[in-house]
1. Whether any residue in the range 33-49 is touching an Asp or Glu at 6+ places or on another chain (Cβ under 8 Å), closer than 21 Å to ILE142 by Cβ, among the hydroxyl-bearing types (Ser, Thr, Tyr) and at pLDDT 70 or above is what I want to check.
2. Being of a type in the set (A, V, I, L, M), closer than 20 Å to PHE166 by Cβ, modelled with pLDDT of 90 or more and not in a helix (DSSP H, G or I) is the requirement here; does LEU129 meet it?
3. For the range 112-126, which residues satisfy the criterion of being assigned to a helix (DSSP H, G or I) and surrounded by fewer than 20 Cβ atoms within 10 Å (Cβ to Cβ)?
4. Is there any pair with a first residue in the range 131-154 that is of a type in the set (Gly, Ala, Ser) and a second that is surrounded by 15 or more Cβ atoms within 10 Å (Cβ to Cβ) whose Cβ atoms are under 7 Å apart and which are 6 or more apart or on different chains, and what are they?
5. Please work out which residue is surrounded by the fewest Cβ atoms within 10 Å (Cβ to Cβ), limiting yourself to the range 65-82 and to residues that are modelled with pLDDT of 90 or more and of a type in the set (A, V, I, L, M).
6. Could you check how many residues of the range 83-97 are part of a helix (DSSP H, G or I) and surrounded by 13 or more Cβ atoms within 10 Å (Cβ to Cβ)?
7. Pairs, please: C-beta under 7 Å, at least 6 apart or cross-chain, first residue part of a loop (DSSP other than H, G, I, E, B) and surrounded by 13 or more Cβ atoms within 10 Å (Cβ to Cβ) and in the range 157-177, second aromatic (Phe, Trp, Tyr) and modelled with pLDDT of 95 or more?
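The values are calculated or read from the model by the stated rules, or taken from the named source; none is laboratory data. Keep in mind that this is a model prediction, so the values were computed, not measured. Positions of Cβ are generated from backbone atoms using ideal geometry, with glycine treated the same way; all protein chains shown enter the neighbour counts.
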Amino acid sequence: MSESGYHGAQVARIARVAGVADGTVYLYFKNKEDILVSILRETIGEIVTLSTLLEGDHPEPLKALHKLIEAHFQTLGQNPALASVLQVHIRQADPAIRAQVAEIMRPYQQTVARIVEMGVVRGEMRSKLDLRIARRMIFGTIDETVNAWIFTGAKYDLTALIDPVFDVLMTGLTGRNDYDREGKE
């Protein structure tokens with residue numbers, strides 16, 4: 001899919017690249033749409049799992065936000081072809097697929113919302129933040145950073161942008177630039 005685009009992809013070619021018979025693909029997936037959705041589900045699940053620092057009695061929202069950015073950039077930065085499929089080709093999918101994408105993205109969006117809510121509750125983020133806008137801003141910043149990386153040919157280290165992106169987001173979310181960076185992992 002990363003080579004020929006979503007609409008140009010054929011299950012037979014996907015099977016050939018994967019080194020399996022066409023029939024084997026159909027044992028696990030109904031069609032290429034199912035393959036695309038499965039790739040997204042697995043990748044987003046991995047990012048959410050890697051970024052879960054809000055569990056337990058002492059949630060640390062600033063660390064959690066940094067960890068989310070880190071997990072996102074590391075996961076996609078290790079595989080530009082995967083990043084291309086998830087960032088570019090999934091947006092070319094049919095409306096029915098986009099509904100599934102929204103459902104798959106829900107845990108990610110909920111993680112971002114919890115980070116912002118806990119940041120506000122703990123006084124680490126501005127009290128008058130519009131939570132919906134903050135959630136969209138965080139996701140949009142992360143998403144656009146990956147898009148820019150893909151569209152420039154993935155010629156630089158995406159993970160080198162973890163701290164700069166975190167810094168920009170923190171300045172907006174906290175209203176200051178003297179937040180505790182030492183708390184990051």
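1. For the range 33-49, residues touching an Asp or Glu at 6+ places or on another chain (Cβ under 8 Å), closer than 21 Å to ILE142 by Cβ, among the hydroxyl-bearing types (Ser, Thr, Tyr) and at pLDDT 70 or above: absent.
2. yes
3. Correct list: ALA113, ARG114, GLU117, MET118, VAL120, VAL121.
4. Going by the 7 Å Cβ cut-off, the qualifying pairs are ALA134/VAL116; ALA134/LEU173; ALA154/PRO80.
5. Once the filter is applied, the top-ranked residue is ALA71.
6. Residues meeting the conditions: 9.
7. none
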